[in-house]
Amino acid sequence: MSVSRYFRPILRYLYAGLTLFSFLCSNFAANMRFISENQREGLYDHYVVEAPQGLLEFLLAHVSQSRTKIKATLQGRGIKVDGKTVTQFDYQLQRGMKVAVSKTKRNQQGFKSRYVKIVYEDRWLIVIEKNAGILSMAAGHGSLNVKSVLDDYFKKSRQKCTAHVVHRLDRDTSGLMVYAKDMETEQILEHHWHEIVYDRRYVAVVSGEMEQDEGTISNWLKDNKAYVTYSSPVDNGGKLAITHFHVLDRRVEYSLVEFKLETGRKNQIRVHSADMSHPVCGDPKYGDGNDPLHRLCLHAWLLCFTHPITGEQMEFETPIPTAFRQLFK
(Lines give C-alpha, C1' and ligand atoms only; values in the text may rest on other atoms or scores of the structure.)
Protein backbone atom coordinates (compact mmCIF):
# COMPACT_ATOMS: atom_id res chain seq x y z
CA MET A 1 0.00 0.00 0.00
CA SER A 2 1.53 3.33 -1.11
CA VAL A 3 1.83 6.34 1.19
CA SER A 4 -0.28 8.48 -1.15
CA ARG A 5 -3.13 5.91 -1.04
CA TYR A 6 -2.91 5.87 2.74
CA PHE A 7 -3.17 9.69 3.15
CA ARG A 8 -5.72 10.38 0.40
CA PRO A 9 -8.84 9.57 2.55
CA ILE A 10 -7.44 11.60 5.45
CA LEU A 11 -6.91 14.63 3.22
CA ARG A 12 -10.46 14.33 1.88
CA TYR A 13 -11.83 14.35 5.46
CA LEU A 14 -9.66 17.33 6.39
CA TYR A 15 -10.81 19.28 3.32
CA ALA A 16 -14.46 18.53 4.08
CA GLY A 17 -13.98 19.60 7.68
CA LEU A 18 -12.35 22.88 6.72
CA THR A 19 -15.12 23.60 4.22
CA LEU A 20 -17.77 23.00 6.87
CA PHE A 21 -15.88 25.15 9.39
CA SER A 22 -15.64 28.00 6.87
CA PHE A 23 -19.37 27.72 6.12
CA LEU A 24 -20.28 27.82 9.81
CA CYS A 25 -18.03 30.83 10.45
CA SER A 26 -19.57 32.69 7.51
CA ASN A 27 -23.09 32.00 8.73
CA PHE A 28 -22.16 32.93 12.29
CA ALA A 29 -20.81 36.31 11.12
CA ALA A 30 -23.91 36.92 9.01
CA ASN A 31 -26.16 36.05 11.93
CA MET A 32 -24.20 38.37 14.22
CA ARG A 33 -24.59 41.21 11.71
CA PHE A 34 -28.32 40.44 11.55
CA ILE A 35 -28.59 40.47 15.35
CA SER A 36 -26.59 43.72 15.53
CA GLU A 37 -28.90 45.38 13.00
CA ASN A 38 -31.94 44.16 14.91
CA GLN A 39 -30.46 45.47 18.15
CA ARG A 40 -30.01 48.89 16.62
CA GLU A 41 -33.52 48.78 15.14
CA GLY A 42 -34.81 47.81 18.58
CA LEU A 43 -33.66 51.17 19.94
CA TYR A 44 -36.33 52.86 17.80
CA ASP A 45 -40.11 52.76 17.50
CA HIS A 46 -41.21 52.74 13.86
CA TYR A 47 -44.18 54.42 12.18
CA VAL A 48 -45.46 54.80 8.61
CA VAL A 49 -46.99 58.11 7.50
CA GLU A 50 -50.50 57.72 6.11
CA ALA A 51 -51.24 61.35 5.17
CA PRO A 52 -49.18 64.51 4.60
CA GLN A 53 -48.59 66.56 7.76
CA GLY A 54 -45.90 68.31 9.80
CA LEU A 55 -43.47 66.15 11.77
CA LEU A 56 -44.35 67.54 15.22
CA GLU A 57 -48.06 67.15 14.52
CA PHE A 58 -47.47 63.54 13.46
CA LEU A 59 -45.37 62.74 16.54
CA LEU A 60 -47.91 64.26 18.94
CA ALA A 61 -50.63 62.09 17.36
CA HIS A 62 -48.65 58.82 17.34
CA VAL A 63 -46.09 58.93 20.16
CA SER A 64 -47.28 58.60 23.75
CA GLN A 65 -45.01 61.34 25.09
CA SER A 66 -45.48 64.95 26.13
CA ARG A 67 -44.77 67.80 23.75
CA THR A 68 -41.71 68.68 25.84
CA LYS A 69 -40.26 65.18 25.61
CA ILE A 70 -40.94 64.97 21.87
CA LYS A 71 -39.18 68.29 21.30
CA ALA A 72 -36.27 67.06 23.42
CA THR A 73 -36.03 63.97 21.21
CA LEU A 74 -36.03 66.19 18.10
CA GLN A 75 -33.34 68.46 19.55
CA GLY A 76 -31.40 65.39 20.68
CA ARG A 77 -31.30 64.13 17.06
CA GLY A 78 -33.39 61.09 17.98
CA ILE A 79 -35.89 61.28 15.08
CA LYS A 80 -35.23 59.76 11.66
CA VAL A 81 -37.34 60.12 8.52
CA ASP A 82 -36.59 57.53 5.85
CA GLY A 83 -33.31 56.81 7.63
CA LYS A 84 -32.16 60.44 7.82
CA THR A 85 -31.91 62.38 11.09
CA VAL A 86 -34.34 65.31 11.19
CA THR A 87 -34.50 68.05 13.84
CA GLN A 88 -37.03 70.42 12.24
CA PHE A 89 -40.36 70.29 14.09
CA ASP A 90 -42.17 71.57 10.96
CA TYR A 91 -40.52 69.10 8.56
CA GLN A 92 -43.22 68.12 6.06
CA LEU A 93 -44.01 64.42 5.93
CA GLN A 94 -45.51 62.71 2.88
CA ARG A 95 -47.59 59.57 2.63
CA GLY A 96 -45.45 56.42 2.78
CA MET A 97 -42.51 57.98 4.64
CA LYS A 98 -41.08 55.95 7.54
CA VAL A 99 -40.50 57.68 10.87
CA ALA A 100 -38.22 56.19 13.55
CA VAL A 101 -38.30 57.54 17.12
CA SER A 102 -35.39 56.81 19.45
CA LYS A 103 -36.30 55.08 22.71
CA THR A 104 -33.20 56.54 24.33
CA LYS A 105 -34.08 60.15 23.44
CA ARG A 106 -30.71 60.87 21.81
CA ASN A 107 -29.29 59.69 18.56
CA GLN A 108 -26.46 57.21 19.19
CA GLN A 109 -23.97 59.60 17.62
CA GLY A 110 -24.34 62.54 19.99
CA PHE A 111 -22.96 65.99 19.25
CA LYS A 112 -22.23 68.68 21.80
CA SER A 113 -20.68 72.04 21.15
CA ARG A 114 -20.84 75.36 22.90
CA TYR A 115 -20.70 77.19 19.60
CA VAL A 116 -22.44 75.00 17.01
CA LYS A 117 -25.85 73.32 16.86
CA ILE A 118 -26.72 70.83 14.11
CA VAL A 119 -30.09 71.67 12.56
CA TYR A 120 -30.17 69.15 9.70
CA GLU A 121 -27.85 66.55 8.21
CA ASP A 122 -27.90 64.07 5.34
CA ARG A 123 -25.22 62.29 3.32
CA TRP A 124 -24.46 65.35 1.15
CA LEU A 125 -24.70 68.40 3.39
CA ILE A 126 -25.16 69.68 6.93
CA VAL A 127 -27.04 72.77 8.15
CA ILE A 128 -25.91 74.31 11.42
CA GLU A 129 -26.68 77.26 13.66
CA LYS A 130 -23.55 78.97 14.91
CA ASN A 131 -23.23 81.23 17.91
CA ALA A 132 -21.52 84.59 17.83
CA GLY A 133 -17.79 84.41 18.47
CA ILE A 134 -16.75 81.58 16.14
CA LEU A 135 -15.34 81.85 12.62
CA SER A 136 -16.92 80.03 9.67
CA MET A 137 -13.54 78.60 8.68
CA ALA A 138 -9.94 78.72 9.87
CA ALA A 139 -8.12 82.03 9.58
CA GLY A 140 -4.83 81.17 11.24
CA HIS A 141 -3.30 78.41 13.30
CA GLY A 142 -5.45 77.32 16.21
CA SER A 143 -8.35 79.70 15.52
CA LEU A 144 -11.77 78.50 16.67
CA ASN A 145 -13.94 77.79 13.62
CA VAL A 146 -17.06 75.87 12.58
CA LYS A 147 -15.27 73.79 9.94
CA SER A 148 -12.89 72.31 12.52
CA VAL A 149 -15.77 71.58 14.90
CA LEU A 150 -17.66 69.74 12.13
CA ASP A 151 -14.58 67.86 10.93
CA ASP A 152 -14.03 66.64 14.48
CA TYR A 153 -17.70 65.56 14.67
CA PHE A 154 -17.46 63.69 11.35
CA LYS A 155 -14.34 61.89 12.56
CA LYS A 156 -15.87 60.87 15.89
CA SER A 157 -19.08 59.69 14.19
CA ARG A 158 -16.99 57.68 11.68
CA GLN A 159 -18.16 59.58 8.64
CA LYS A 160 -15.66 59.59 5.80
CA CYS A 161 -16.10 63.25 4.86
CA THR A 162 -15.01 66.78 5.72
CA ALA A 163 -16.88 70.07 5.92
CA HIS A 164 -16.62 72.13 2.72
CA VAL A 165 -17.24 75.87 3.13
CA VAL A 166 -19.66 77.32 0.55
CA HIS A 167 -20.57 80.64 2.24
CA ARG A 168 -19.57 82.55 5.34
CA LEU A 169 -20.90 84.49 8.29
CA ASP A 170 -18.78 87.02 10.15
CA ARG A 171 -17.31 85.72 13.40
CA ASP A 172 -19.65 87.85 15.50
CA THR A 173 -22.77 87.10 13.45
CA SER A 174 -24.87 84.17 14.66
CA GLY A 175 -27.31 82.00 12.71
CA LEU A 176 -27.83 79.43 10.00
CA MET A 177 -25.17 78.11 7.63
CA VAL A 178 -24.87 75.17 5.25
CA TYR A 179 -21.70 73.12 4.64
CA ALA A 180 -21.18 70.50 1.94
CA LYS A 181 -19.86 67.07 2.91
CA ASP A 182 -18.18 66.23 -0.41
CA MET A 183 -16.50 68.04 -3.28
CA GLU A 184 -19.30 67.45 -5.80
CA THR A 185 -21.94 69.02 -3.55
CA GLU A 186 -19.58 71.90 -2.74
CA GLN A 187 -19.02 72.66 -6.43
CA ILE A 188 -22.75 72.67 -7.18
CA LEU A 189 -23.50 75.00 -4.25
CA GLU A 190 -20.55 77.27 -4.98
CA HIS A 191 -21.17 77.69 -8.72
CA HIS A 192 -24.97 77.88 -8.54
CA TRP A 193 -25.42 79.56 -5.16
CA HIS A 194 -27.69 82.38 -6.36
CA GLU A 195 -29.95 79.96 -8.25
CA ILE A 196 -30.05 77.38 -5.44
CA VAL A 197 -30.59 79.74 -2.48
CA TYR A 198 -33.99 81.38 -2.93
CA ASP A 199 -34.43 83.12 0.44
CA ARG A 200 -32.00 84.34 3.09
CA ARG A 201 -33.08 86.62 5.90
CA TYR A 202 -31.38 88.19 8.86
CA VAL A 203 -32.67 90.00 11.91
CA ALA A 204 -30.74 92.82 13.53
CA VAL A 205 -31.02 95.31 16.33
CA VAL A 206 -30.06 98.66 14.83
CA SER A 207 -29.28 101.92 16.55
CA GLY A 208 -32.06 104.50 16.86
CA GLU A 209 -35.69 104.57 15.78
CA MET A 210 -36.21 103.66 12.12
CA GLU A 211 -38.43 106.13 10.26
CA GLN A 212 -39.60 103.85 7.42
CA ASP A 213 -41.51 100.62 7.97
CA GLU A 214 -39.89 98.93 4.97
CA GLY A 215 -37.83 99.67 1.89
CA THR A 216 -34.92 98.67 -0.35
CA ILE A 217 -31.31 99.82 -0.42
CA SER A 218 -29.40 99.45 -3.68
CA ASN A 219 -25.85 100.64 -4.34
CA TRP A 220 -22.34 99.43 -5.19
CA LEU A 221 -19.96 98.10 -2.53
CA LYS A 222 -16.19 98.11 -2.75
CA ASP A 223 -13.30 97.62 -0.31
CA ASN A 224 -10.69 100.32 0.19
CA LYS A 225 -7.02 99.59 0.86
CA ALA A 226 -7.75 99.16 4.58
CA TYR A 227 -10.32 96.42 3.72
CA VAL A 228 -13.21 98.60 4.87
CA THR A 229 -16.26 98.25 2.63
CA TYR A 230 -17.82 101.49 1.45
CA SER A 231 -20.83 102.20 -0.75
CA SER A 232 -21.48 104.35 -3.79
CA PRO A 233 -24.81 105.32 -5.41
CA VAL A 234 -23.17 104.90 -8.83
CA ASP A 235 -21.00 102.13 -10.23
CA ASN A 236 -17.56 102.61 -8.69
CA GLY A 237 -16.09 99.36 -9.96
CA GLY A 238 -17.51 97.49 -7.00
CA LYS A 239 -20.38 94.98 -6.83
CA LEU A 240 -24.06 95.81 -6.93
CA ALA A 241 -25.69 95.10 -3.57
CA ILE A 242 -29.45 95.02 -2.94
CA THR A 243 -31.01 94.67 0.51
CA HIS A 244 -34.70 94.72 1.43
CA PHE A 245 -35.68 95.66 4.99
CA HIS A 246 -38.81 95.45 7.15
CA VAL A 247 -39.13 96.89 10.67
CA LEU A 248 -40.47 94.36 13.21
CA ASP A 249 -40.39 96.60 16.30
CA ARG A 250 -39.00 99.95 17.34
CA ARG A 251 -38.12 102.08 20.33
CA VAL A 252 -36.42 105.45 20.59
CA GLU A 253 -33.05 103.78 21.28
CA TYR A 254 -33.28 100.73 18.99
CA SER A 255 -35.19 99.11 16.14
CA LEU A 256 -35.63 95.41 15.38
CA VAL A 257 -35.28 94.95 11.63
CA GLU A 258 -35.53 92.00 9.25
CA PHE A 259 -33.21 92.12 6.24
CA LYS A 260 -33.70 90.05 3.09
CA LEU A 261 -30.71 89.72 0.80
CA GLU A 262 -31.11 89.88 -2.94
CA THR A 263 -27.33 89.78 -3.28
CA GLY A 264 -24.73 88.49 -0.85
CA ARG A 265 -21.82 90.90 -0.61
CA LYS A 266 -19.21 91.22 2.09
CA ASN A 267 -20.58 93.18 5.09
CA GLN A 268 -23.65 94.06 3.00
CA ILE A 269 -26.19 94.42 5.83
CA ARG A 270 -23.74 96.19 8.11
CA VAL A 271 -22.82 98.77 5.45
CA HIS A 272 -26.41 99.30 4.29
CA SER A 273 -27.59 99.77 7.89
CA ALA A 274 -24.91 102.40 8.40
CA ASP A 275 -25.97 104.04 5.10
CA MET A 276 -29.45 104.53 6.62
CA SER A 277 -27.86 106.16 9.70
CA HIS A 278 -29.06 103.21 11.77
CA PRO A 279 -25.99 100.96 12.07
CA VAL A 280 -26.18 97.47 13.58
CA CYS A 281 -25.71 97.68 17.33
CA GLY A 282 -22.39 96.37 18.59
CA ASP A 283 -20.69 96.81 15.22
CA PRO A 284 -17.09 97.89 15.90
CA LYS A 285 -16.41 98.58 12.22
CA TYR A 286 -19.45 100.50 10.95
CA GLY A 287 -21.31 101.25 14.18
CA ASP A 288 -21.89 104.38 16.26
CA GLY A 289 -20.83 102.96 19.62
CA ASN A 290 -24.31 101.78 20.60
CA ASP A 291 -23.64 98.32 22.09
CA PRO A 292 -26.44 97.19 24.43
CA LEU A 293 -25.70 93.43 24.28
CA HIS A 294 -21.90 93.53 23.97
CA ARG A 295 -22.06 91.63 20.68
CA LEU A 296 -22.82 92.32 17.04
CA CYS A 297 -26.62 92.26 17.00
CA LEU A 298 -27.00 90.40 13.71
CA HIS A 299 -28.51 86.92 13.32
CA ALA A 300 -29.12 84.83 10.17
CA TRP A 301 -32.56 83.44 11.06
CA LEU A 302 -33.86 82.03 7.74
CA LEU A 303 -32.15 79.93 5.05
CA CYS A 304 -34.06 78.41 2.12
CA PHE A 305 -32.47 76.53 -0.77
CA THR A 306 -33.08 73.81 -3.31
CA HIS A 307 -31.20 70.67 -2.34
CA PRO A 308 -28.27 70.42 -4.80
CA ILE A 309 -28.64 66.62 -5.15
CA THR A 310 -32.28 65.67 -4.47
CA GLY A 311 -33.93 68.85 -5.75
CA GLU A 312 -36.05 69.14 -2.59
CA GLN A 313 -36.93 72.56 -1.19
CA MET A 314 -35.10 72.90 2.12
CA GLU A 315 -36.34 75.61 4.50
CA PHE A 316 -34.77 76.29 7.88
CA GLU A 317 -35.43 78.93 10.49
CA THR A 318 -34.30 79.73 14.01
CA PRO A 319 -35.96 81.93 16.64
CA ILE A 320 -34.95 85.55 16.97
CA PRO A 321 -32.38 85.60 19.81
CA THR A 322 -34.08 86.15 23.17
CA ALA A 323 -31.64 88.95 24.04
CA PHE A 324 -32.77 90.85 20.92
CA ARG A 325 -36.43 90.52 21.93
CA GLN A 326 -35.84 91.60 25.51
CA LEU A 327 -34.66 95.03 24.36
CA PHE A 328 -38.21 95.74 23.16
CA LYS A 329 -40.19 94.62 26.23
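The values are calculated or read from the model by the stated rules, or taken from the named source; none is laboratory data. This is a predicted model, so every value here is computed, not measured. Please note: Cβ atoms are built from the backbone with ideal geometry, for glycine as well, and neighbour counts cover all protein chains shown. Protein only, heavy atoms only, side chains kept; ligands, DNA and RNA dropped before computing areas. Shrake-Rupley method; radii C 1.70, N 1.55, O 1.52, S 1.80 Å.
The table that follows gives values for the structure above.
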quantity: Cα-based reach from K103 at 24 Å (exclusive), listing lysines while leaving out same-chain residues under 8 positions away; calculated: K69, K71, K80, K84, K112, K117, K156
quantity: Lysine-lysine proximity count for the range 173-329, Cα under 18 Å, sequence distance 8 or more or distinct chains; calculated: 9
quantity: Per residue accessible area of the range 154-263, 1.4 Å probe, in Å²; calculated: 55
quantity: In Å², nearest 10: area of K147 left accessible to a 1.4 Å probe; calculated: 60
quantity: Computed lengthening from T310 to Q326, 0.36 nm per intervening residue step minus Cα-Cα distance; calculated: 1.8 nm
quantity: Total formal charge among the other residues, if their Cβ is under 15 angstrom from that of E186, Lys/Arg +1 and Asp/Glu -1; calculated: -1
quantity: Under 15 Å from the Cα of K147 - aspartates and glutamates, other chains or at least 8 residues apart; calculated: E121, E129, D170, D182, E186
quantity: The range 270-311 - accessible surface per residue (Å², probe 1.4 Å); calculated: 36
